[in-house]
Amino acid sequence: YKGAIPALFSGGRSECPESWRYIDITPAYNKIWFIIGGECLLDLNGHEFIARPYQLYLLPCGSKQSYYNISENRVVQYWFHFSAPCGPLDLFKQISLPYCIEAKDVEYLTDLFDAVVQLEVKKALVDELTQKKLMLDILSYYIEHSATVGVYKEPDSHIKSLLEYIENNIDKDLSLQELCRFSHFHPRYFSRYFR
């Protein structure tokens, strides 16, 4: 996954109002949420969660998302929106991670998110670089701790259709060129993507 350099669009800390309600949206960017108060319903591609304090969520770009407060105890969260281009696809469309992990190091994560938020207003070059480093620290934490818990994302639709094609043609001698033609990938990229 060389060359996957996430780009931060925005970040902040929000106390979500009663009117906070999004149904069946499909953002073109990734989101990280760190819930620090309240609770909400969160549906990601048909996987429902009751988001509660000290959970960290990855909402990948292109996923179907619905979320809203479910009680008077409204959500308070840190968040940031970012892209992670890696070749023709986003990094988080190419790796399988859970949508949610339990935060074990609440103070550490709170400090990281606080620093991201404080740097959001400055925006000098050194601040942007520091903010990106902090964001990468948060993403690294998420990836490092994601093997232990969570619901895994659905396989990519390209991979699903390719696996169906292979299964339906298992009796044939399928070549790399034929699979590349079917999936519309260049042969050099196909092996990395399929792996």
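The values are calculated or read from the model by the stated rules, or taken from the named source; none is laboratory data. All figures in this text were calculated on a predicted structure; none of them were measured in a lab. Cβ: placed from backbone, ideal geometry, glycine included. Neighbour counts: every protein chain shown. Side chains are part of the model used for accessible areas, which takes the heavy atoms of the whole protein and leaves out ligands, DNA and RNA. Shrake-Rupley method; radii C 1.70, N 1.55, O 1.52, S 1.80 Å.
Name the residue that is modelled with the lowest pLDDT, counting only residues in the range 137-189 that are open to solvent by less than 40 Å² (accessible area, probe 1.4 Å) and part of a loop (DSSP other than H, G, I, E, B).
Among those residues, the one meeting the criterion is GLY150.
Out of the range 17-30, which residues are of a type outside the set (Asp, Glu) and either modelled with pLDDT of 95 or more or open to solvent by 60 Å² or more (accessible area, probe 1.4 Å) (or both)? Walk me through how you get there before you give the answer.
Within the range 17-30, the first condition is being of a type outside the set (Asp, Glu), and the residues that meet it are 17, 19-23, 25-30.
Within the range 17-30, PRO17, SER19, ARG21, TYR22, ILE23, ILE25, THR26, ALA28, TYR29 meet the criteria.
Is it true that some residue in the range 126-136 is within 23 Å of ASN45 (Cα to Cα) and modelled with pLDDT of 80 or more?
In the first step, residues of the range 126-136 are kept if they are within 23 Å of ASN45 (Cα to Cα); the result is none.
No, the range 126-136 has no match at all.
Find the strands (runs of 3 or more DSSP E) located wholly in the range 1-88 whose residues include 3 or more that are β-branched (Val, Ile, Thr), and list them.
Working: elements: 7-15, 21-25, 30-37, 40-44, 47-51, 55-59, 65-69, 76-83.
In the range 1-88, the matching strands (runs of 3 or more DSSP E) lie at 30-37.
Within the range 38-61, work out how many residues are touching a residue at least 40 places away in the same chain (Cβ under 8 Å) and open to solvent by 10 Å² or more (accessible area, probe 1.4 Å).
The total comes to 5.
Condition first: touching a Leu at 6+ places or on another chain (Cβ under 7 Å) and free of Cβ contacts under 8 Å to residues at least 60 places away in the same chain. Now tell me which residues in the range 73-99 satisfy that.
Answer for the range 73-99, where residues must be touching a Leu at 6+ places or on another chain (Cβ under 7 Å) and free of Cβ contacts under 8 Å to residues at least 60 places away in the same chain: LEU97, TYR99.
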